[in-house]
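To start, the structure itself, in C-alpha cells.
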Amino acid sequence: MKRETPHPSRFASHLLPQGEKAWSRRTVLASSLALPLAACDRFASAEPSPPNVPPLKSVSPAPFGTAIKAEQIDNPDWVALARANVSQLTPEWEMKMEYILADGLDQPRFDRSDRIAAFAQAQGMAMHGHTLIWYAQGKEAFAGLSGAAFDRAFDGYIAAVAGRYRGKVRSWDVVNEPILDDGSGMRDCHWSARYGHDGYSLRAFEQARAADPDAILFLNEYNQESVPAKGVQFLKLVERLLKAGCPLQGLGLQSHLWIDIPPGVIAAYLREISQFGLPIHVSELDCTLRTEDRLDLRGQAERMTAQSARVTELAAAFAALPQAQRFAFTTWGLRDADSWYRQGEKDDGKDKPLPFDSFGRPNPMAAALAAGFKTRA
Ligand code: G3I
C-alpha cells in the first residue's frame, strides 16, 4: 500500500502568515539572480564535518536511540557508530506486520525481529517495539476475515508479538499514525472499519497491556508539530482515549521535520503535548533538506542552517521537559544513506536528513542536537 509522504509545500502555506508568504516569493526572485551559484552549490562538496561533537548518548537528557534494520548488524561501521552514540534501538520495519505476516497470519516470521532483539540485548541496549497496529499494514493478511475470526486474529497477533518480546522491549508503539495528514479527522482503515476510529486503539492498547504488563505503551504520530491541525487532532484523540480508560502511557512525536517549520512552532507544540504529564518519545527524528517548492533555489548550506535551527529547537524543547516526561530521543537512522529518504526512487543522492554522513562523520545536525541538549536547565 503506497504511503503518501507529505512534503512542506503542501502545508507550508498553511504555516506561513500572509507576510511570510510574500517573503518566500521575494526570496525566490532574489535567488533566481543567484541561479549560477545555486547550480554550482549543487556540486559543492558536502558541508565540513563540525568539530568535537560528543557521543550523542553522552549529552542526551534521556536514552538516545536510532532505528535499526537487521542487515545493519552485519555492518561493522554501523555497529561501531551505534555503540558510540545510542543506548536504545527501534526496529525500522522488521517488527511490523509487513515483515512478520509476509507469509500470512498462520506463518508469522520472527527471525529478523528476534535477531534485532538479541543484538540489542548483547549490546546492552534497550529496545522500543515498533509497531503493533498501523493503518498502512495488515490489510492483505486480514483480508477475508470478519466478525469473531477477525477479532481472534487481531487480539492473537498482539498477544503473539507483544508476548514474544515481553521482558525484551521497554515500550511499544501500540498504534501508529491514526490521524489524517491534513488533521481533518481520523483515518479510515481496515481496523476502524471493524472497531471504529477510537475503538481499534482502545482494543489494541488493552490487548498490549494484557500481553506485556511492564511495557510502556505509546501512541505514535508524525507532523504533529508541523501541521497544527494534525497536532490538535492528536491531542483530542489522546484526551478521548484517556477519558475512556485506555492504558495509554506515552506519546510518540515522530518529528520527521521540515526545514521550513516557522521558528517557535516546534517548541510550542512540545509544551502543548507535555500537558498530559505523560512520557514523551521523540521517536523518529530526521529532517530532509528537500522541499517540493520547485522555485526553492536555496543551496545546501542555507538549507542545513535551517535544518540545524529546527533540530536544536526540538532538542532544547525536549531537554526542557520534566525528567519524568523525557522517555527517549530517537533518530530515524544514523547515517544519511541509511535514511528512508535515501531509498529507491525517492533518493536524490544529496539529502542529508540524519546526524551522520554516509561515512559516519558528524553532520551539522549532530552538533545541533548537542547544542539543544546542552540547554537543559
Ligand atoms: O530490504 C528489502 C529489500 O531486500 C527488498 O528488495 C525491498 C523490495 O521489497 O524491500 C526492502 O525492505 C524495505 C525496507 O523498508 C528496507 O528498506 C521494505 O520493502 C519497505 O516497506 C520498508 O519501508 C519502511 C516503511 O516504514 C514501511 O515499513 C521504511 O524502511 C521505514 O523507514 C518506514 O518507517 C516509517 C515508520 O515505521 C512510521 N513513521 C514513518 C516512517 C517513514 O515512513
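The values are calculated or read from the model by the stated rules, or taken from the named source; none is laboratory data. Since the structure is predicted, the reported quantities are computational estimates derived from the model, not experimental observations. Counting neighbours? That spans all protein chains shown, and the Cβs are built from the backbone with ideal geometry, glycine included. Ligands, DNA and RNA are stripped out before the accessible areas are found, and what is left, the full protein with its side chains, is counted by its heavy atoms. Shrake-Rupley method; radii C 1.70, N 1.55, O 1.52, S 1.80 Å.
Listed residues A328, A315; which is among the small types (G, A, S) and more than 16 Å from the ligand (Cβ to nearest atom)?
Only one candidate qualifies: A315.
Could you list all residues from the range 136-178 that are touching a His at 6+ places or on another chain (Cβ under 9 Å) and either among the charged types (D, E, K, R) or open to solvent by 30 Å² or more (accessible area, probe 1.4 Å) (or both)?
Answer for the range 136-178, where residues must be touching a His at 6+ places or on another chain (Cβ under 9 Å) and either among the charged types (D, E, K, R) or open to solvent by 30 Å² or more (accessible area, probe 1.4 Å) (or both): K139, A143, R170, D173.
Might you let me know whether the range 283-302 holds any residue that is assigned to a helix (DSSP H, G or I), surrounded by fewer than 22 Cβ atoms within 10 Å (Cβ to Cβ) and within 16 Å of the ligand (Cβ to nearest atom)?
no
For I100, only one of the following conditions fails: (1) more than 19 Å from the chain's Cα centre (by Cα); (2) surrounded by fewer than 19 Cβ atoms within 10 Å (Cβ to Cβ); (3) within 21 Å of Q137 (Cα to Cα); (4) not charged (D, E, K, R). What is its number?
Condition not satisfied by I100: (2).
Of everything in the range 339-377 that's among the small types (G, A, S) and either at pLDDT 95 or above or crowded, with 20+ Cβ neighbours inside 10 Å (or both), which residue is nearest to the chain's Cα centre (by Cα)? Walk me through it before giving the result.
Residues of the range 339-377 among the small types (G, A, S): 339, 344, 349, 358, 360, 366-368, 370-372, 377.
Now restrict to residues that are either at pLDDT 95 or above or crowded, with 20+ Cβ neighbours inside 10 Å (or both): 339, 360, 366-368, 370-372.
Numbers: S339: 11, G360: 21, A366: 17, A367: 20, A368: 18, A370: 19, A371: 21, G372: 18 Å.
By that ranking, first place goes to S339.
Tally up the residues in the range 179-198 that are within 14 Å of A244 (Cβ to Cβ) and either open to solvent by less than 20 Å² (accessible area, probe 1.4 Å) or among the acidic types (D, E) (or both), please.
Number of matching residues: 1.
(1) within 16 Å of the ligand (Cβ to nearest atom); (2) within 30 Å of D212 (Cα to Cα): which one isn't true of S274, the others all being true?
Checking S274 against (1) within 16 Å of the ligand (Cβ to nearest atom); (2) within 30 Å of D212 (Cα to Cα), the one that fails is (1).
Kindly provide the set of residues from the range 108-123 that are of a type in the set (F, W, Y) and either in contact (Cβ under 8 Å) with a residue 60 or more places away in the chain or not in a helix (DSSP H, G or I) (or both), ordered by number. Quick ask: steps written out before the conclusion?
Filtering the range 108-123 down to residues of a type in the set (F, W, Y) leaves 110, 119.
The one that is of a type in the set (F, W, Y) and either in contact (Cβ under 8 Å) with a residue 60 or more places away in the chain or not in a helix (DSSP H, G or I) (or both): F110.
Where residues in the range 82-91 are buried (at least 22 other Cβ atoms within 10 Å of the Cβ) and touching a residue at least 40 places away in the same chain (Cβ under 8 Å), which of them is nearest to the ligand (Cβ to nearest atom)?
The residue in question is T90.
Looking at (1) surrounded by fewer than 24 Cβ atoms within 10 Å (Cβ to Cβ); (2) among the small types (G, A, S); (3) touching a residue at least 60 places away in the same chain (Cβ under 8 Å), can you tell me which one S274 breaks?
Here S274 clears every test but (3).
Which residues, taken from the range 208-224, are without any contact (Cβ under 8 Å) to a residue 60 or more places away in the chain and either out of contact with any Asp or Glu (no Cβ under 6 Å at 6 or more places or on another chain) or away from the ligand (no atom under 14 Å from the Cβ) (or both)? Step through it out loud before you land on a result.
Restricting attention to the range 208-224, the residues satisfying the condition of being without any contact (Cβ under 8 Å) to a residue 60 or more places away in the chain are 209-214, 217, 219, 221, 224.
Once the filter is applied, which keeps residues that are without any contact (Cβ under 8 Å) to a residue 60 or more places away in the chain and either out of contact with any Asp or Glu (no Cβ under 6 Å at 6 or more places or on another chain) or away from the ligand (no atom under 14 Å from the Cβ) (or both), the range 208-224 yields R209, A210, A211, D212, P213, D214, L217, L219, Q224.
Would you please list the contacts, defined by Cβ atoms under 8 Å and residues six or more apart or on different chains, that run from a residue in the range 248-261 that is free of Cβ contacts under 8 Å to residues at least 12 places away in the same chain and open to solvent by 10 Å² or more (accessible area, probe 1.4 Å) to a residue that is within 14 Å of the ligand (Cβ to nearest atom) and of a type outside the set (S, T, Y)?
none
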